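Working notes for the structure below.
The values are calculated or read from the model by the stated rules, or taken from the named source; none is laboratory data. What you are looking at is a predicted structure, and each value in this text was computed from that prediction instead of being measured. Positions of Cβ are backbone-derived with ideal geometry, glycine not excepted, and every protein chain shown enters the neighbour counts.
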Amino acid sequence: MNKRHLEERRRFLLDQWNGALDDDHTFRYSPDAHYQALLEIIDEFYHSGVIGLGHRQELVTRALGAYSFHVEEGIAADVYFNPNFYYELLDGDQLLGTVLEGYITGLTYNRLGVIWHDWVDGAWHYQMKDADLNVVGRVEKLQVIRPGLAPLTLRCVVPPKYEFRDWRETVLAPERD
């Protein structure tokens, strides 16, 4: 391989790694496994001569920063509503639907309502069609407070069809001609 080809391969591998570092969805639901995969790739790059020691330390620091952020975000999502996470909406023990990116979806995948953030008052608000009534309320921590009705509960869960995909095989796969 000539020098230009090696530099292109190096750039490609680092772009793949940066893409994996920016994968918030995987970090959100599998932070430990994703962080470990990032570190293993960094070590592979270092031992194969793709990067030097200084660059390795920089990548490890970036991976640790992203891991720390997502672990803290996950802990907070178990206490306070975060639209980036997947929640189940419960009335007591009964599952009413799910919430993702603020959209409330019923068990038959019909849109039931929305949770939105009001930048003026800084609160999360809730609006849901209940029979023929338009119910409006507030979200406090993981409770949906509805005037005159029993509160609903949000429970942070991993999405049902989510599975951690190990992307290392595609990054380290030999080039195809």
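Screening 174, 147 for residues that are at pLDDT 70 or above, outside the structural domain of residue 41 (by the TED database) and assigned to a loop (DSSP other than H, G, I, E, B) leaves exactly one candidate, 147.
This table checks each residue for (1) more than 30 Å from residue 157 (Cα to Cα); (2) touching an Asp or Glu at 6+ places or on another chain (Cβ under 6 Å); (3) assigned to a helix (DSSP H, G or I).
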| residue | (1), (2), (3) |
| --- | --- |
| 10 | yes, no, yes |
| 15 | yes, no, yes |
| 18 | no, no, yes |
| 27 | no, no, yes |
| 36 | no, no, yes |
| 41 | no, no, yes |
| 46 | yes, no, yes |
| 51 | yes, no, no |
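Given the structure, is residue 13 more than 26 Å from residue 161 (Cβ to Cβ) and either in contact (Cβ under 8 Å) with a residue 12 or more places away in the chain or within 17 Å of the chain's Cα centre (by Cα) (or both)? Taking the combined requirement at face value, the residue satisfies it. Looking only at residues in the range 119-135 that are of a type in the set (A, V, I, L, M, F, W, C) and closer than 17 Å to residue 91 by Cβ, the one that is modelled with the lowest pLDDT is 131. Across the range 35-89, the number of residues qualifying as of a type in the set (Ser, Thr, Tyr) and over 26 Å from residue 13 (Cβ atoms) comes to 3.
When we screen 72, 88 for residues that are touching a residue at least 40 places away in the same chain (Cβ under 8 Å), closer than 30 Å to residue 31 by Cα, outside any loop (DSSP other than H, G, I, E, B) and among the acidic types (Asp, Glu), the only hit is 88.
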